[in-house]
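See structure below.
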Amino acid sequence: MDLYEPINKYFKRKGFEVYGEVKDCDMAVIKDDLLILVELKLNLSVDLLIQATKRQRVSEHVYVAIPKPKKHNPRSKKWRDTCHLIRRLELGLILVSFTEKQKRVEIMIEPTPFHRPISMGKAKYLRQAIIKEINGRSADYNIGGSSRKQIMTAYRENCIQIASYLEEHGELSPKQLLQMGTGKKTQSILSKNYYGWFIRVKRGIYVLSEKGKKELKQYPELVEYYRK
């Protein structure tokens, strides 16, 4: 795929002069004092981003250009994350579409300064969610980066706490569990019974199911912690 030709024509139509392979830069685009550098690749990769960030030593206006993916979904999480990274690096992004009739150039992202406070402001809810999750855990029971082991969330730990008390004391009501410190989600956890650990034996009274007794053995450290 020839990315150079359509991008060359795109900038020339806007009054720029375009030059290929200038001092290791794939494309150098200039008009008056404005210098734009474009790095061309068939795929978006870490190597391409590294190469483009090196060009930022020369110009603030650096683009990476790739063919538009055949299954391009601008709403997909992967694509949105990729665009965030490109913006974070203060790079621009050019997509080139190839059809039988024409080659179309799209400037998807402009190389503008990244405003970290604005970005953090938009993700304020995520920060609050992370802190809330941390506060809901008694300790760190997860191995960072592990995909094989089941993650210990604050919700699961809360379920283990409730299950530990039910195993130790037998039949209990949500009110009694709350008095033991199981928290405001107690009633919801019992009624939704997401893990299948709890059985309502009569109105407002719960016991631990056989499934709950079996799976609770997988968490001896937490069971011991909550029974102290």
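Since every read-out is calculated from the coordinates, none of them should be taken as a lab result. None of the values given here were measured: they were computed from a predicted structure. Methodologically, a virtual Cβ is constructed for each residue, glycine included, from the backbone with ideal geometry; neighbour enumeration extends over all protein chains shown.
Classify the range 23-67 as rounded, prolate or oblate, taking a ≥ b ≥ c as the square roots of the eigenvalues of its Cα gyration tensor: rounded when a/c is under 1.5, otherwise prolate if a/b is larger than b/c and oblate if not. It comes out prolate by the Cα gyration axes.
Once C-alpha pairs closer than 8 Å and six or more residues apart are averaged by separation and normalised to the residue number of the chain, the relative contact order reads 11 percent. Taking 30 Å as the limit for the C-alpha separation, the pairs Lys124/Lys175; Lys31/Lys54; Lys71/Lys132; Lys78/Lys184; Lys77/Lys184 exceed it in the case of Lys124/Lys175; Lys71/Lys132; Lys78/Lys184; Lys77/Lys184. Put a plus charge on the Cβ of each Lys and Arg, a minus charge on the Cβ of each Asp and Glu, and nothing anywhere else: the dipole of the chain about its Cα centre is then about 1100 debye. Here is the size of the range 4-115 from its Cα atoms: Rg then Dmax, 13.6, 40 Å. Annotation note: trypsin sites (Lys or Arg not before Pro) in the range 169-219 located in DSSP loop regions with a Cβ neighbour count of at most 13 within 10 Å are Lys184, Arg203, Lys217. Evaluated with a Cβ-only charge set (Lys, Arg +1; Asp, Glu -1), the range 6-106 carries a dipole of roughly 660 debye about its Cα centre, given to the nearest 20.
Taking semi-axes √(5λ) of the Cα gyration tensor in Å as calculated from this structure, the corresponding entry among (1) 59, 18, 15; (2) 38, 18, 16; (3) 45, 21, 14 is (1). What's the percent breakdown of Cα-Cα distances in the range 154-227 across 5 Å bins, shortest bin first? Cα pair-distance distribution for the range 154-227, in percent: 3, 18, 34, 29, 13, 2, 0. Taking trypsin sites (Lys or Arg not before Pro) across the range 69-112, the ones in a DSSP loop with at most 11 further Cβ atoms lying within 10 angstrom of their Cβ are Lys70, Lys71, Arg75, Lys101.
As a rough footprinting exposure proxy, the listed residues Tyr4, Tyr125, Tyr206 were ranked by other beta carbons within 10 Å of their own, and the order from fewest upward is Tyr125, Tyr4, Tyr206.
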